[in-house]
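As structure tokens, the structure follows; a few thoughts come after it.
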Amino acid sequence: AAAASRNGAVSAARTMSVRAMSSVPTVPNFINGKFTESSTSKWIDVTNPATGEVIAKVPETTQEEMQEAAIGAAEAFKEWRKVSVSNRVRVMLDYQRLIRENMDDLAQTVTREQGKTLPDARGDVFRGLEVVEHSCAMGTLMMGETLGGVATDLDQYSYREPLGVIAGITPMNFAAMIGLWIIPTALTSGNTCIIKPSEKTPLTAIKLAELAQKAGVPDGALQMIHGAHDAVNFICDDPRIHAVSFVGSNRAGEYIYDRATKTGKRAQCNLGAKNHGTILPDADKEMALDALAGAGLGAAGQRCMALSVNIFVGEAQEWIPELVERAKKYKVGPGHEAGSDIGPVIDAAAKERIEHLITTAEEEGATILLDGRNHTVEGYEGGSYVGPTIISDVKPHHTCYKEEIFGPVICVMKADTLDEAIAITNANPYGNGCSIFTQSGAAARKYQHEIDVGQVGINAPIPVPLPMFSFTGSRASIRGDLNFYGKAGVHFMTKLKTVTSSWPQSSMRWGAVMPTMD
Ligand code: NAD
């Protein structure tokens, strides 16, 4: 079986074939252990954002193929759930080794289809790898509870069982990490898994499927289907799928949450964000300004935890020009070139949307301190580049504040006090992440307790929790109440079974009365 798996993985490379009539390779689906080209007539272009070049075509997988994937995953579950947790973990240990060995290739693929710089792409893979590593503790993570002698001659214990088939719908901005939030947790907890990657970044995902097969994930236990709305609707509706893990925008996620839960599925949906930084005048200025520039502009602002709004409190407002100077030093360029700090945004439509939001800020009375519109990079004129942008005097009613910009744009606000900064942050509907920069333990503690945001950084930008914890965005940044990865992620993908066991020492009879078990 292992040899068959290896052959399957080799054939995956072959299946990235050159289609007749076109020199652009197609991306295969991965169904029941085979990498096969879809028979669809509908294909979506995958572009390299650095150049605008079409690098692959991804299928809108047909209904029949998606059915096959769901049936296969449900069948595979019957056997996979019986594999001991120790043996499931052994497969994951091989998976983590293969991901490490292929780190450079994976990172280059992320950069090629998503645009972020190579060092940042390595971070994308690494933060997913950490979840793979953590899932290798699944034996402990799935443990239940027991209480001997809960009543006379009676013991109770509970344990966790897998749900069945978990579907993952992933976004374009972390092409490796988010698939890896879902795949290892689902598989080591005994579930099987169907992933629908973003149609904008399917190449990294299919490489992750190849490595999973090489690691020994059995046929059908991990399926990958490509597509857009039809694939999403299929996942929400298909009765063989028990839970949906979604990460992406509010528009898509709220729709998916409603549609999936209506059919009785569990759903966890991580959504958009508007993350606020608060900078107090007693902060370590150099550290804080470096952190703000990096967290606002890194990855071209296309991180759900990007610090896209900075509130400067009191005398800290004098540092705003220095933030602008730092931002000016960020070099915009293709992600694969050493020296680039900010890669392109995902596509031309994103560039247009971001630039439009900068224009609305200007029209609505904000001040553009640094303008990244109409940015081009020599030799890469077809790429979708936006230069670092800083908008000051931003007010809560401005469109650039109300909408998630998802570009290298920092909105600057001013407040007189920490209380005012907390009030501004809490009044924003999103609650994904936030950070405070201060040298005062008392101010940090007040902030931590009064801020209504799920992930708080204290002198730490991008406070994404490691997988011993969970990703705990709150309010409009999430639908569902069991978070991704960590203990909550395991709880999402498993259900509790509780056993009541009676082995009486003396004769005992059950009657018509409700057992009170005293
Ligand atoms: P997106 O919502 O456009 O796409 C995500 C997935 O949903 C894709 O697989 C896509 O095919 C599908 N999709 C897109 N539009 C849809 C629709 N109208 N109906 C049904 N399905 C649809 O998101 P994106 O642009 O790929 O990613 C960026 C967004 O994701 C940002 O809003 C960002 O904040 C968010 N995000 C959130 C987190 C988090 O953990 N909170 C992490 C990463 C990204």
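The values are calculated or read from the model by the stated rules, or taken from the named source; none is laboratory data. The shown structure was predicted, so the numbers you read here are calculated from the model rather than taken from an experiment. Heads up, the Cβs are rebuilt from the backbone with ideal geometry, glycines too, and the neighbour counts pull from every protein chain shown. Only protein heavy atoms, including side chains, enter the accessible area calculation; ligands, DNA and RNA are left aside. Shrake-Rupley method; radii C 1.70, N 1.55, O 1.52, S 1.80 Å.
Just one of (1) outside any loop (DSSP other than H, G, I, E, B); (2) in contact with a helix residue (DSSP H, G or I) (Cβ under 8 Å, 6 or more places away or on another chain); (3) more than 16 Å from the ligand (Cβ to nearest atom) fails for residue 283. It is (1).
In the set (1) over 17 Å from residue 206 (Cβ atoms); (2) part of a helix (DSSP H, G or I); (3) among the charged types (D, E, K, R), the condition left unmet by residue 82 is number (2).
Hey, among the residues in region 196-216 that are outside any helix (DSSP H, G or I) and within 15 Å of the ligand (Cβ to nearest atom), which one's surrounded by the fewest Cβ atoms within 10 Å (Cβ to Cβ)?
So the residue we want is 199.
Taking region 272-289 as the range and being under 19 Å from the mean Cα position of the chain (by Cα) and either small (Gly, Ala, Ser) or open to solvent by 10 Å² or more (accessible area, probe 1.4 Å) (or both) as the test, the residues that pass are 272, 273. Quickly run through region 377-420 and pick out the residues that are assigned to a helix (DSSP H, G or I), of a type in the set (A, V, I, L, M, F, W, C) and within 24 Å of residue 443 (Cα to Cα). 418, the sole residue that qualifies.
With a requirement of 2 or more residues that are among the charged types (D, E, K, R), the helices (runs of 4 or more DSSP H) lying completely within region 97-184 that satisfy it span 103-114, 118-135. Checking the stated criteria, residue 292 turns out to be away from the ligand (no atom under 16 Å from the Cβ), part of a helix (DSSP H, G or I) and within 26 Å of the chain's Cα centre (by Cα).
Inspect region 217-225 for any residue being within 30 Å of residue 448 (Cβ to Cβ), at pLDDT 95 or above, of a type outside the set (Phe, Trp, Tyr) and within 16 Å of the ligand (Cβ to nearest atom) and give the result as yes or no. No, because not a single residue in region 217-225 is within 30 Å of residue 448 (Cβ to Cβ), at pLDDT 95 or above, of a type outside the set (Phe, Trp, Tyr) and within 16 Å of the ligand (Cβ to nearest atom). Within region 226-266, which residues are open to solvent by 10 Å² or more (accessible area, probe 1.4 Å), more than 9 Å from the ligand (Cβ to nearest atom) and assigned to a strand (DSSP E or B)? 266 - this is the single residue of region 226-266 that is open to solvent by 10 Å² or more (accessible area, probe 1.4 Å), more than 9 Å from the ligand (Cβ to nearest atom) and assigned to a strand (DSSP E or B). Among the residues making up region 339-360, those that are farther than 17 Å from residue 297 by Cα and among the hydrophobic types (A, V, I, L, M, F, W, C) are 348, 349. Of everything in region 456-477 that is within 14 Å of the ligand (Cβ to nearest atom), open to solvent by 20 Å² or more (accessible area, probe 1.4 Å) and assigned to a strand (DSSP E or B), the residue that is nearest to residue 305 (Cα to Cα) is 474. I'd like the full set of residues that are closer than 18 Å to residue 283 by Cβ, free of Cβ contacts under 8 Å to residues at least 40 places away in the same chain and either open to solvent by less than 50 Å² (accessible area, probe 1.4 Å) or within 15 Å of the ligand (Cβ to nearest atom) (or both), limited to region 430-455. The answer is 444, 451.
Return the only residue of 332, 394, 412, 345 being of a type in the set (A, V, I, L, M), touching a Ser or Thr at 6+ places or on another chain (Cβ under 8 Å) and within 14 Å of residue 309 (Cα to Cα). Unique residue meeting the criteria: 412. Note on region 331-340: residues that are crowded, with 20+ Cβ neighbours inside 10 Å and more than 13 Å from residue 381 (Cα to Cα) total 2.
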